[in-house]
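Written out below as structure tokens is the structure these notes cover.
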Amino acid sequence: MATLNLKTMMAALLAGSLAATAGGLAYARTDGQAVDPAKLQQRVEKRVDKALSSTDANAEQKKKVADILQAAFKDLRPLRDKRIENRKAMEAALQAPTIDPARIEAIRVEQMKVADEASKRFTKALEDAGNALSAGQRQAFFKAWNERMSRRHG
């Protein structure tokens, strides 16, 4: 049971702190330009370093976590593109002269499939990142994380 709780908490760590920041920064571009992989790697490494600052994680562990997340972001890029395509298809379907419920449902189903694929890939990254740290390091992270969250949310 403790393992499940640590995995759940690890998801909060990386999903909330790293993914939102590093991933959001990495893929916030809407001009169609490619993201510079070196800049993305630097952003991910900086966020990992900050997120793990309350632990005794060494440079090798931080690099391993950053590499895991970098690979996940690379893998998630095509899914992001598919979500954008689905959103545009839904917009077109809803602006059509006649609404086709079957078409709307097909787009919804596809969007849920994409979301599930993304969730599975990111969960795998979280698990791998969690395994790069010791139980004590994960616990130290979550102690600091929970303290930050309680201060932030009063």
(request) Determine the pairs where a residue that is small (Gly, Ala, Ser), located within region 26-47, has a partner that is in a loop (DSSP other than H, G, I, E, B) and at pLDDT below 75 with Cβ atoms under 7 Å apart, the partner being 6 or more residues away or on another chain. (result) ALA26/VAL35
(request) Under 7 Å between Cβ atoms, at least 6 apart or on separate chains: pull out the pairs that start in region 55-67 with a residue that is free of Cβ contacts under 8 Å to residues at least 40 places away in the same chain and end on any residue that is hydrophobic (A, V, I, L, M, F, W, C). (result) LYS62/VAL48; LYS62/LEU52; ALA66/VAL44; ALA66/VAL48
(request) Could you tell me which of the residues ASP67, ASP81, ASP75 is out of contact with any helix residue (DSSP H, G or I) (no Cβ under 9 Å at 6 or more places or on another chain) and in a helix (DSSP H, G or I)? (result) ASP81
(request) Return the residue satisfying two criteria in turn: it lies in region 121-138 and is in contact with a helix residue (DSSP H, G or I) (Cβ under 8 Å, 6 or more places away or on another chain) and not in a helix (DSSP H, G or I), and of such residues it is surrounded by the most Cβ atoms within 10 Å (Cβ to Cβ). (result) LEU133
(message) So, MET112, is that one of a type in the set (A, V, I, L, M, F, W, C), on the phi < 0 side of the Ramachandran plot and exposed (fewer than 12 other Cβ atoms within 10 Å of the Cβ) or not?
(response) yes
(message) Looking for something surrounded by 13 or more Cβ atoms within 10 Å (Cβ to Cβ), in a helix (DSSP H, G or I) and of a type outside the set (Phe, Trp, Tyr) - is there at least one such residue anywhere in region 140-149?
(response) yes
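The values are calculated or read from the model by the stated rules, or taken from the named source; none is laboratory data. Only a predicted model underlies this, so the values are computations on that prediction, with no experimental measurement involved. Neighbour counts are summed over all protein chains in view; Cβ atoms, including those assigned to glycine, are modelled from backbone coordinates with ideal geometry.
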